[in-house]
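Please read the structure below before turning to the comments.
The values are calculated or read from the model by the stated rules, or taken from the named source; none is laboratory data. Just so you know, these numbers come straight off a predicted model, no measurement behind them. Here Cβ is always computed from backbone atoms with ideal geometry, including for glycine, and neighbour counts include all displayed protein chains. Ligands, DNA and RNA are excluded from the accessible area calculation, which covers all protein heavy atoms including side chains. Shrake-Rupley method; radii C 1.70, N 1.55, O 1.52, S 1.80 Å.
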Amino acid sequence: MKITIYKEFAALLLVALSFLFMSGCSSSIQKTSHEQSVYDRVMKQGKIRCGYVVYTPGCMKDPNTGKLSGIGVDTIEMVGKNLGLEIEWTEEVGWGSMIEGLLTNRYDMIATPVWINANRARQADFSKSLFYSPVFAYVKGGDKRFSDISLEQLNSPGYTVATIDGETAEIIARESFPLAKKVSLPQLSDLSQLLLTVSTGKADFTFMEPSSAAGFIEHNANAVEVLKTSKPVRVFPNCWMFKRGQMEFKNMIDSALEQILISGMEEKIVHKYEPVRNSLYLDAMPYKAPTGN
């Protein structure tokens with residue numbers, strides 16, 4: 001009898017301890033979730049911590065003063081002002097390490113506008129687009145082979161495309177020009193090396209946005225030229241990047257950005273920094289004004 005009572009007491013005690021343990025875990029999970037909220041942290045501290053990648057024209061850094069400027073920089077500063085929040089430029093990062101800093105909470109967002117792609121979307125969320133980057137095919141300047149050729153004809157073993165491992169040109173070549181031969185450059189190669197490879201005849205064409213090609217063309221007149229086509233090869237939205245799942249923070253930033261887009265201020269910022277006029281595309285207005293009576 002005593003043994004039976006002891007067993008019943010032990011069973012009840014085990015149930016009670018299990019309940020307390022689960023309650024503690026639940027409180028711990030809720031506490032951890034609360035601590036990881038980017039929105040709560042930003043509003044409590046009164047500032048947005050920004051990681052950034054130096055990349056023209058989204059984010060440029062003065063080599064003498066360290067001062068940042070560019071489309072992404074000016075826009076997020078305006079967002080911060082409108083929200084009553086300080087912008088803290090926390091850390092300069094690289095393309096390959098920027099998401100890691102978001103996941104480990106070293107900063108709250110990447111303020112250099114980045115292109116959306118599937119690999120990044122697996123780990124991060126994105127803001128509304130600030131602007132769009134068209135990408136065109138570039139060929140050797142004055143090469144008459146390309147005076148009357150369509151973009152689709154470049155998808156042939158008779159042509160060679162210059163790419164950088166893991167970068168946009170390689171992705172475009174793999175998706176839309178699989179038959180063309182490849183000249184692959186190492187991942188850390190500067191983008192200008194793609195155009196140099198084309199201008200020296202080591203490759204027939206490559207892909208690049210005009211804003212990135214502008215510097216090379218300025219210092220190497222007539223070395224390369226855009227293949228004449230009716231439309232770009234690709235058009236990529238340029239967005240800010242956040243830690244995945246932080247929807248309160250994302251919605252706040254998107255709402256503040258929408259205010260700047262509709263006011264026309266973003267258009268002025270884009271035109272201020274684009275290296276070549278009309279080399280970047282603006283976001284379309286989310287409305288249509290009435291016409292006529």
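When you check residue 129 against the structure, is it within 23 Å of residue 214 (Cα to Cα) and open to solvent by 20 Å² or more (accessible area, probe 1.4 Å), yes or no?
Working: within 23 Å of residue 214 (Cα to Cα): yes; open to solvent by 20 Å² or more (accessible area, probe 1.4 Å): no.
Spelling it out, it is not the case that residue 129 is within 23 Å of residue 214 (Cα to Cα) and open to solvent by 20 Å² or more (accessible area, probe 1.4 Å).
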Would you call residue 267 in contact with a Leu (Cβ under 7 Å, 6 or more places away or on another chain) and open to solvent by 40 Å² or more (accessible area, probe 1.4 Å)? yes
Which residues, taken from the range 104-126, are open to solvent by 10 Å² or more (accessible area, probe 1.4 Å), under 25 Å from residue 56 (Cβ atoms) and part of a loop (DSSP other than H, G, I, E, B)? 106, 116, 117
Every residue in the range 90-103 that is part of a helix (DSSP H, G or I) and open to solvent by 60 Å² or more (accessible area, probe 1.4 Å), please. 100, 103
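Does residue 218 qualify as being in a helix (DSSP H, G or I), open to solvent by 60 Å² or more (accessible area, probe 1.4 Å), at pLDDT 95 or above and among the charged types (D, E, K, R)?
Judged against the criteria, residue 218 is not a match.
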Looking at (1) in contact with a Phe, Trp or Tyr (Cβ under 7 Å, 6 or more places away or on another chain); (2) not in a loop (DSSP other than H, G, I, E, B), which is the one condition that is false for residue 232? (2)
Taking residue 148 and the conditions (1) assigned to a loop (DSSP other than H, G, I, E, B); (2) modelled with pLDDT of 95 or more, which numbered condition does it fall short on, given that it satisfies the others? (2)
Considering residues that are open to solvent by less than 30 Å² (accessible area, probe 1.4 Å) and among the polar types (S, T, N, Q), the number found within the range 151-188 is 2
